1. Scan the stretch 1-97 for GluC sites (Glu not before Pro) in coil per DSSP, keeping those whose Cβ has at most 14 other Cβ atoms within 10 Å, and list them by number.
2. So, counting K/R as plus one and D/E as minus one, what does the shell of residues with Cβ under 13 Å around N186 add up to?
3. For the chain, what is the charge dipole size about the Cα centre, in debye to the nearest 20, if Lys and Arg each add +1 at the Cβ and Asp and Glu each add -1 at the Cβ?
4. Residues with beta-carbon under 14 Å from that of K107, excluding K107: net charge, scoring Lys, Arg +1 and Asp, Glu -1?
5. Taking only the C-alpha atoms, wrap a convex hull around the stretch 113-188 and report its volume per residue in Å³ as a whole number.
6. Would you mind pulling out the separation of the Cα centroids of the stretch 24-97 and the stretch 176-193, in Å?
7. Within the stretch 71-193, what percent of beta bridges assigned by DSSP are antiparallel, to the nearest 5?
8. Towards the positive end of the charge dipole of the chain, with charges on Cβ (+1 Lys, Arg; -1 Asp, Glu), say which of A44, T171, F32 has the farthest Cα.
Amino acid sequence: MTASFSQAAESNKGPIAEVLAHYLRAGDLLEFGAGTGQHAVWLAQRFPSVRWRPGEQPENLPGLQHRLDSSPADNLQAAIILRAEGHWPEQQYDYIYTANTFHIMAKPLVRRCIRQMAAHLRPDGRVFVYGPFNQAGNYTSDSNRRFDLHLKQRDLAMGLRDQEWVVAEFTGHRLGLLATHEMPANNRLLVFG
Ligand SMILES: C[S@@+](CC[C@H](N)C(=O)[O-])C[C@H]1O[C@@H](n2cnc3c(N)ncnc32)[C@H](O)[C@@H]1O
């Protein structure tokens, strides 16, 4: 088996690590939508005191686990099934991280995902959401506009979310926006807590 590979994940993992370095201390982290596992492998190596638990949909779990097995680390835990619409582990986490998932899931699933994140975060925990966002209903770049149209051609339920809507959903669960980090290629890393 070969694990699938994402060039985007390869390009953005370094800048994401630079931002996370300001926040991550020893603790338990749950990754939602870990995809190819490139972020999990890289970030677990970069932050050895963080116990990194990647989660994915069942159909992508074998490929993800294959990548994790090819780069084992003491703090890199086995992948678990994690779906926005499914059952989440009983455990709570110091950190919950997700990259490039909110524009893939339909809005009701993003809403459910945020509710689950809030329910599984320890007091004083942090949620990190990386990806492209709209601002006040507007695209922040031409490339994001083209990407949004491309997504909607695949599936009308997909699409870039307004940052204000995402913030309102988290705030509804008593998690406020602590920081907005501008990232390369017109992405952002939002920090909630
Ligand atoms: C664009 S990929 C991003 C993967 C990885 N985080 C990255 O940045 O390279 C979106 C991921 O979201 C996951 N996903 C989509 N819908 C989901 C759902 N309803 N519940 C859980 N994960 C979902 C997909 O399986 C996929 O791995």
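1. Passing both the DSSP loop test and the Cβ count: E85, E90.
2. In short, 0.
3. On the way: 20 positive and 19 negative charges, 52 e Å.
Charge dipole of the chain: 240 debye, to the nearest 20.
4. -1
5. On the way: hull volume 7.5 nm³, N = 76.
Once divided by residue count, the hull of the stretch 113-188 is 98 Å³.
6. Each part's Cα centre sits 20 Å from the other's.
7. The antiparallel fraction comes to roughly 60 percent.
8. T171
Bear in mind that the values in this text are calculations on the coordinates, not laboratory data. Keep in mind the model is a prediction, meaning the values are calculated, not measured. Every residue, glycine among them, receives a Cβ derived from its backbone with ideal geometry; neighbour counts consider all protein chains shown.
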